[in-house]
Amino acid sequence: MFFEETWLDIAARTLVLSLIGIAWVTLVIRLIGLRSLSKMTNFDFVVTIASGSLLAGAVQASEWTAFAQALGALAALFGLQLLIAKLRQQSESFEQAIQNGPIFLMWEGKFIDEALRTSRVAKDDVIAKLREANVLEMSKVRAVVLETTGDISVLHGDKLEDDIVDGIDRP
């Protein structure tokens, strides 16, 4: 790409392509916004993983066309993410079509076995999340929610306001 196939070419390619690749991703994220790095939806998560893979492929490119294709794919992914975010804001039916809803795994200190089964989450995994959230008494657990991103939220304390769990089907 820069020199004859030598260690100097490898070093120059690594440095130049890495700098251009990082600058490109930074520019695209600045244009689209910080939401592009969020993990609010399953699609956001996929874009985040794919963008890392595309950037890695770009900096390993041995031809300019492969490098340009990887950078173009990065821009296309972030652009598609922006479009989907806007469509989700404008259309509830679109939102429901592409997004899984959150699921209660526990309610009022009790496991919901059917939800654990259908979501394929083990009780031991939930208990580990309870420990991470510093839960000391199961009776203080108001709810455990498997979020749309795959994260598990532990809601514990003396009281749970309805607005926090609005939109989740209660057991």
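List of remarks:
- Taken together, the criteria exclude Ile20 from residues that are touching a Ser or Thr at 6+ places or on another chain (Cβ under 9 Å) and of a type in the set (Val, Ile, Thr).
- Some residue of the range 147-155 being of a type in the set (Asp, Glu), surrounded by 15 or more Cβ atoms within 10 Å (Cβ to Cβ) and assigned to a loop (DSSP other than H, G, I, E, B): yes
- Scanning the range 1-32 for residues that are in a loop (DSSP other than H, G, I, E, B), exposed (fewer than 12 other Cβ atoms within 10 Å of the Cβ) and not polar (S, T, N, Q) yields Glu4, Glu5.
- Extreme residue, surrounded by the fewest Cβ atoms within 10 Å (Cβ to Cβ), among residues of the range 51-65 that are touching a residue at least 40 places away in the same chain (Cβ under 8 Å) and not in a loop (DSSP other than H, G, I, E, B): Trp64
- Restricting attention to the range 129-146, the residues that are in a helix (DSSP H, G or I) and either buried (at least 16 other Cβ atoms within 10 Å of the Cβ) or not hydroxyl-bearing (Ser, Thr, Tyr) (or both) add up to 6.
- For the range 147-166, the set of residues classified as closer than 14 Å to Lys39 by Cα and hydrophobic (A, V, I, L, M, F, W, C) consists of Ile152 only.
Computed from the coordinates by the stated procedures, all read-outs in this text should not be read as laboratory data. What you are looking at is a predicted structure, and each value in this text was computed from that prediction instead of being measured. Quick reminder, even Gly has a Cβ in these numbers, built from the backbone with ideal geometry, and neighbours come from all protein chains shown.
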